[in-house]
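One structure below.
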Amino acid sequence: MSNIPQHVSIIMDGNGRWAQARGKERIFGHFEGAESVRACLEAAVEDGVKYLSLYAFSEENWARPEAEVNGLMELLMKYMRQELTNMMSNHVRFVVLGHRERLSEKVNALIDEVMAATAANGGTTLVVFLSYSGKWDILQAMKKAARECSPEQFQAMEIKDFDPYLVTAGIPDPDLLIRTSGELRISNYMLWQTAYTEFYFTDTLWPDFRKPEFREALAEYARRDRRYGKVK
Ligand code: IPE
Ligand code: IPE
Ligand code: MG
């Protein structure tokens, strides 16, 4: 396949509806969604996508019922433990970005462990956005810049100089953003970084989004014409 995006990002949505349609608890949808994560990561590795980033839990998601939040954290820990061997053999680097202070010590310790273990892997980078929001990211970047720059440097700052302060520092902006489940919104995801990202919306619910669906999105991306405001 030609014109493979360097960075594919996914707003993984529709787990709850997938479960409810089967008369099951919402958490079953999250479990099935973890299979879609495996499938899409495998496809990304096979197709040479350098960065696959996933919106797994937003800052707003903390307002969900405690049982669901706890279930999601348990699922995340299970995924990290189970997939470490797989990530090592596929040279996958694992990174978590977000407001980590809000996560429990236990979750943070495991994240640190898996990030350290995979840090030197040179294949696809899997970025998991956890307790993340785009507005939070911009605000923490502004505060960090204000701390680290002199007033003169701060005033002289240009747009490109701001990127290193975002949690995504060093990661190229997403080329393609996929959102499943038919919702047509950004839900406070990477607001700054998606300025020129191609959007792909599908009605498919996240637990049903597997390799063929991922590749269909890549094929659609390959047909897009990115102009960045210029004329061709
Ligand atoms: C996405 O599925 C997973 C998370 C936001 C954690 P949802 O849980 O939002 O599923 P729906 O949108 O209610 O169907
Ligand atoms: C967006 O999904 C966040 C994640 C996928 C992690 P939500 O289901 O939380 O978004 P809204 O509430 O429909 O906007
Ligand atoms: Mg949702």
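The values are calculated or read from the model by the stated rules, or taken from the named source; none is laboratory data. All values reported here derive from a predicted model rather than from experimental measurement. Every residue, glycine among them, receives a Cβ derived from its backbone with ideal geometry; neighbour counts consider all protein chains shown.
Counting the residues of the range 158-183 that are within 16 Å of ligand 3 (Cβ to nearest atom) and over 14 Å from the mean Cα position of the chain (by Cα) gives 3.
Output yes when any residue across the range 84-94 is out of contact with any Pro (no Cβ under 6 Å at 6 or more places or on another chain), of a type in the set (D, E, K, R), part of a helix (DSSP H, G or I) and at negative phi, and no when none is.
Filtering the range 84-94 down to residues out of contact with any Pro (no Cβ under 6 Å at 6 or more places or on another chain) leaves 84-94.
Those still in the list that are of a type in the set (D, E, K, R) too: 93.
From what's left, part of a helix (DSSP H, G or I): none.
For the range 84-94, residues out of contact with any Pro (no Cβ under 6 Å at 6 or more places or on another chain), of a type in the set (D, E, K, R), part of a helix (DSSP H, G or I) and at negative phi: absent.
Across the range 36-55, the number of residues qualifying as touching a residue at least 60 places away in the same chain (Cβ under 8 Å), part of a helix (DSSP H, G or I) and touching a strand residue (DSSP E or B) at 6+ places or on another chain (Cβ under 8 Å) comes to 3. Remark: pairs (first residue in the range 200-216, in a strand (DSSP E or B); second residue surrounded by fewer than 16 Cβ atoms within 10 Å (Cβ to Cβ) and of a type in the set (Asp, Glu); Cβ separation under 8 Å; 6+ apart in sequence or on different chains) = Tyr200/Glu220; Phe201/Glu183. Please specify each residue of the range 139-187 satisfying the condition of being within 23 Å of Ser36 (Cα to Cα) and among the polar types (S, T, N, Q). Listed by number, the residues that qualify are Thr180, Ser181, Ser187.
Among the residues here, Asn61 qualifies as within 16 Å of ligand 2 (Cβ to nearest atom), more than 17 Å from Pro207 (Cα to Cα) and either modelled with pLDDT of 95 or more or assigned to a helix (DSSP H, G or I) (or both). Within the range 159-209, the residues that satisfy the criterion of being exposed (fewer than 14 other Cβ atoms within 10 Å of the Cβ), away from ligand 2 (no atom under 16 Å from the Cβ) and within 21 Å of Leu41 (Cα to Cα) are Gly170, Pro172. Quick check on this structure: which one of Gly98, Gly122, Gly134 is of a type in the set (Gly, Ala, Ser), within 20 Å of Trp62 (Cβ to Cβ), out of contact with any Ser or Thr (no Cβ under 7 Å at 6 or more places or on another chain) and at pLDDT 95 or above? The unique qualifying residue is Gly134. Residues in the range 13-35 that are in a loop (DSSP other than H, G, I, E, B) and under 15 Å from the mean Cα position of the chain (by Cα): Asp13 alone. Checked against the criterion of being surrounded by 20 or more Cβ atoms within 10 Å (Cβ to Cβ) and without any contact (Cβ under 8 Å) to a residue 24 or more places away in the chain, the candidates Gly33, Gly16 yield just one match: Gly16.
Consider Gly122 carefully, then state whether it is at positive phi and out of contact with any helix residue (DSSP H, G or I) (no Cβ under 8 Å at 6 or more places or on another chain). Write out each step before concluding.
Values: at positive phi: no; out of contact with any helix residue (DSSP H, G or I) (no Cβ under 8 Å at 6 or more places or on another chain): yes.
Judged against the criteria, Gly122 is not a match.
Take Ile10 and tell me if it is among the β-branched types (Val, Ile, Thr), part of a helix (DSSP H, G or I), surrounded by 17 or more Cβ atoms within 10 Å (Cβ to Cβ) and modelled with pLDDT of 95 or more.
Working: among the β-branched types (Val, Ile, Thr): yes; part of a helix (DSSP H, G or I): no; surrounded by 17 or more Cβ atoms within 10 Å (Cβ to Cβ): yes; modelled with pLDDT of 95 or more: yes.
Criteria not met by Ile10.
Among the residues making up the range 166-189, those that are more than 16 Å from ligand 1 (Cβ to nearest atom), of a type outside the set (Gly, Ala, Ser) and closer than 18 Å to Val95 by Cβ are Leu166, Val167, Thr168, Ile171, Pro172, Asp173, Pro174, Asp175.
Going by what's in this entry, would Gly71 be described as in contact (Cβ under 8 Å) with a residue 60 or more places away in the chain, surrounded by 16 or more Cβ atoms within 10 Å (Cβ to Cβ) and of a type in the set (Gly, Ala, Ser)? Before the answer, list the steps.
Numbers: in contact (Cβ under 8 Å) with a residue 60 or more places away in the chain: no; surrounded by 16 or more Cβ atoms within 10 Å (Cβ to Cβ): yes; of a type in the set (Gly, Ala, Ser): yes.
So Gly71 fails the test.
Can you work out which of the residues in the range 42-53 that are hydrophobic (A, V, I, L, M, F, W, C) and surrounded by fewer than 22 Cβ atoms within 10 Å (Cβ to Cβ) is nearest to Arg93 (Cα to Cα)?
Among those residues, the one meeting the criterion is Val45.
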